[in-house]
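Q: Sharing a structure below in C-alpha coordinates format, with a few things to ask.
The values are calculated or read from the model by the stated rules, or taken from the named source; none is laboratory data. Just so it is clear, the structure is predicted and the values come from calculations on it, not from any experiment. Quick reminder, even Gly has a Cβ in these numbers, built from the backbone with ideal geometry, and neighbours come from all protein chains shown.
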Amino acid sequence: MAQRRAAGLCYNCDDKFVYGHKCKRLFILEGVPDEDEPRGAAAPDNSSTDEPAISLHALTGIRSNTYHTMRMWVNIGTVRLTALLDSGSTHNFMDSAVASRLHLPAKHSTNMHVTVGNGDRVACSSRIPDIAMVVG
(Lines give C-alpha, C1' and ligand atoms only; values in the text may rest on other atoms or scores of the structure.)
Protein backbone atom coordinates (compact mmCIF):
# COMPACT_ATOMS: atom_id res chain seq x y z
CA MET A 1 0.00 0.00 0.00
CA ALA A 2 2.87 2.37 0.71
CA GLN A 3 4.05 1.95 -2.90
CA ARG A 4 0.57 2.65 -4.24
CA ARG A 5 0.29 5.73 -2.03
CA ALA A 6 3.71 6.99 -3.17
CA ALA A 7 2.66 6.50 -6.80
CA GLY A 8 -0.64 8.31 -6.19
CA LEU A 9 -2.71 5.22 -7.05
CA CYS A 10 -6.00 4.14 -5.52
CA TYR A 11 -5.59 1.33 -2.95
CA ASN A 12 -8.29 -0.71 -4.71
CA CYS A 13 -7.71 -0.19 -8.44
CA ASP A 14 -4.96 0.99 -10.78
CA ASP A 15 -6.41 4.46 -11.38
CA LYS A 16 -4.83 7.65 -10.06
CA PHE A 17 -6.35 8.67 -6.73
CA VAL A 18 -7.91 12.14 -6.53
CA TYR A 19 -10.41 13.59 -4.09
CA GLY A 20 -13.81 12.06 -4.87
CA HIS A 21 -12.30 9.08 -6.75
CA LYS A 22 -14.68 6.16 -7.31
CA CYS A 23 -13.44 2.74 -8.41
CA LYS A 24 -14.95 1.54 -11.69
CA ARG A 25 -15.37 -2.04 -10.40
CA LEU A 26 -16.38 -3.59 -7.08
CA PHE A 27 -13.85 -5.71 -5.22
CA ILE A 28 -13.83 -8.17 -2.35
CA LEU A 29 -10.47 -8.02 -0.62
CA GLU A 30 -9.60 -10.08 2.42
CA GLY A 31 -6.52 -9.15 4.43
CA VAL A 32 -4.72 -11.32 6.91
CA PRO A 33 -3.35 -9.26 9.83
CA ASP A 34 -0.07 -10.17 11.46
CA GLU A 35 -0.25 -12.26 14.62
CA ASP A 36 -0.60 -10.21 17.80
CA GLU A 37 2.70 -9.06 19.22
CA PRO A 38 3.81 -10.83 22.40
CA ARG A 39 3.40 -8.96 25.68
CA GLY A 40 6.22 -6.55 26.41
CA ALA A 41 6.82 -5.84 22.72
CA ALA A 42 7.31 -2.28 21.56
CA ALA A 43 4.15 -0.28 20.99
CA PRO A 44 2.95 -0.38 17.39
CA ASP A 45 3.79 2.57 15.18
CA ASN A 46 0.43 4.28 14.72
CA SER A 47 1.72 6.55 11.98
CA SER A 48 1.40 3.78 9.37
CA THR A 49 -1.34 4.13 6.78
CA ASP A 50 -1.25 0.40 5.94
CA GLU A 51 -4.16 -0.56 8.19
CA PRO A 52 -7.58 -1.94 7.33
CA ALA A 53 -10.15 0.54 6.10
CA ILE A 54 -13.93 0.44 5.86
CA SER A 55 -16.23 3.05 4.40
CA LEU A 56 -18.90 4.61 6.59
CA HIS A 57 -21.53 3.26 4.18
CA ALA A 58 -20.44 -0.33 4.78
CA LEU A 59 -20.11 0.28 8.52
CA THR A 60 -23.63 1.68 8.86
CA GLY A 61 -25.30 -0.52 6.24
CA ILE A 62 -26.24 2.38 3.98
CA ARG A 63 -26.86 1.33 0.39
CA SER A 64 -26.17 3.89 -2.29
CA ASN A 65 -25.55 3.85 -6.04
CA THR A 66 -23.48 6.99 -5.58
CA TYR A 67 -21.01 5.24 -3.28
CA HIS A 68 -20.85 1.90 -5.14
CA THR A 69 -22.33 -0.33 -2.46
CA MET A 70 -24.19 -3.55 -3.16
CA ARG A 71 -26.30 -5.67 -0.83
CA MET A 72 -25.99 -9.43 -1.35
CA TRP A 73 -26.85 -12.73 0.32
CA VAL A 74 -24.04 -14.83 1.80
CA ASN A 75 -24.00 -18.12 3.68
CA ILE A 76 -21.65 -18.88 6.54
CA GLY A 77 -22.22 -22.53 7.31
CA THR A 78 -25.99 -23.03 7.23
CA VAL A 79 -26.82 -19.44 8.22
CA ARG A 80 -27.95 -17.00 5.52
CA LEU A 81 -26.89 -13.38 6.07
CA THR A 82 -27.05 -10.09 4.23
CA ALA A 83 -23.65 -8.58 3.38
CA LEU A 84 -22.86 -5.12 2.10
CA LEU A 85 -20.13 -5.09 -0.55
CA ASP A 86 -18.38 -1.74 -0.76
CA SER A 87 -15.52 -0.78 -3.06
CA GLY A 88 -14.05 1.48 -0.36
CA SER A 89 -13.40 -1.31 2.16
CA THR A 90 -10.18 -3.34 2.33
CA HIS A 91 -11.38 -6.03 4.75
CA ASN A 92 -14.57 -7.85 5.67
CA PHE A 93 -16.21 -6.76 8.93
CA MET A 94 -18.88 -8.46 11.01
CA ASP A 95 -20.96 -7.42 13.98
CA SER A 96 -19.70 -9.17 17.12
CA ALA A 97 -23.24 -10.34 17.99
CA VAL A 98 -23.45 -12.16 14.63
CA ALA A 99 -20.03 -13.76 15.18
CA SER A 100 -21.18 -14.96 18.62
CA ARG A 101 -24.44 -16.32 17.23
CA LEU A 102 -22.49 -18.29 14.60
CA HIS A 103 -20.03 -19.58 17.23
CA LEU A 104 -17.08 -18.38 15.14
CA PRO A 105 -13.62 -18.77 16.73
CA ALA A 106 -12.68 -15.16 17.45
CA LYS A 107 -9.05 -14.43 18.31
CA HIS A 108 -8.44 -11.55 20.72
CA SER A 109 -6.51 -8.72 19.06
CA THR A 110 -5.13 -5.77 20.99
CA ASN A 111 -3.28 -3.91 18.26
CA MET A 112 -5.67 -3.86 15.30
CA HIS A 113 -7.35 -0.61 14.32
CA VAL A 114 -9.63 0.18 11.39
CA THR A 115 -9.73 3.49 9.57
CA VAL A 116 -13.34 4.38 8.77
CA GLY A 117 -14.50 6.58 5.90
CA ASN A 118 -14.30 9.86 7.82
CA GLY A 119 -10.67 9.18 8.85
CA ASP A 120 -11.38 8.12 12.45
CA ARG A 121 -9.57 5.05 13.78
CA VAL A 122 -11.67 2.43 15.55
CA ALA A 123 -10.15 -0.37 17.66
CA CYS A 124 -11.05 -3.97 16.80
CA SER A 125 -11.12 -6.27 19.81
CA SER A 126 -10.97 -9.52 17.85
CA ARG A 127 -10.52 -11.05 14.44
CA ILE A 128 -11.77 -14.24 12.82
CA PRO A 129 -9.36 -15.64 10.22
CA ASP A 130 -10.33 -17.99 7.39
CA ILE A 131 -14.12 -17.77 7.34
CA ALA A 132 -15.70 -19.81 4.55
CA MET A 133 -18.39 -17.62 3.01
CA VAL A 134 -20.57 -18.57 0.04
CA VAL A 135 -22.05 -15.72 -2.01
CA GLY A 136 -25.48 -16.20 -3.52
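Q: Considering only residues that are among the hydrophobic types (A, V, I, L, M, F, W, C) and surrounded by fewer than 14 Cβ atoms within 10 Å (Cβ to Cβ), which ones fall in the range 94-127? Full working, then the answer.
A: Initial filter on the range 94-127 (among the hydrophobic types (A, V, I, L, M, F, W, C)): 94, 97-99, 102, 104, 106, 112, 114, 116, 122-124.
Selection gives ALA97, VAL98, VAL122, ALA123.
Q: Quick check on PRO129: is it more than 30 Å from TYR19 (Cβ to Cβ), part of a loop (DSSP other than H, G, I, E, B) and at pLDDT 70 or above? Spell out how you get there, then give the answer.
A: Numbers: more than 30 Å from TYR19 (Cβ to Cβ): yes; part of a loop (DSSP other than H, G, I, E, B): yes; at pLDDT 70 or above: yes.
Yes, satisfied.
Q: How many of the residues in the range 75-92 are assigned to a loop (DSSP other than H, G, I, E, B) and surrounded by fewer than 17 Cβ atoms within 10 Å (Cβ to Cβ)?
A: Of the residues in that region, 2 qualify.
Q: Determine whether the range 8-30 contains at least one residue that is of a type outside the set (Gly, Ala, Ser), modelled with pLDDT of 75 or more, in contact with a strand residue (DSSP E or B) (Cβ under 7 Å, 6 or more places away or on another chain) and assigned to a strand (DSSP E or B).
A: yes
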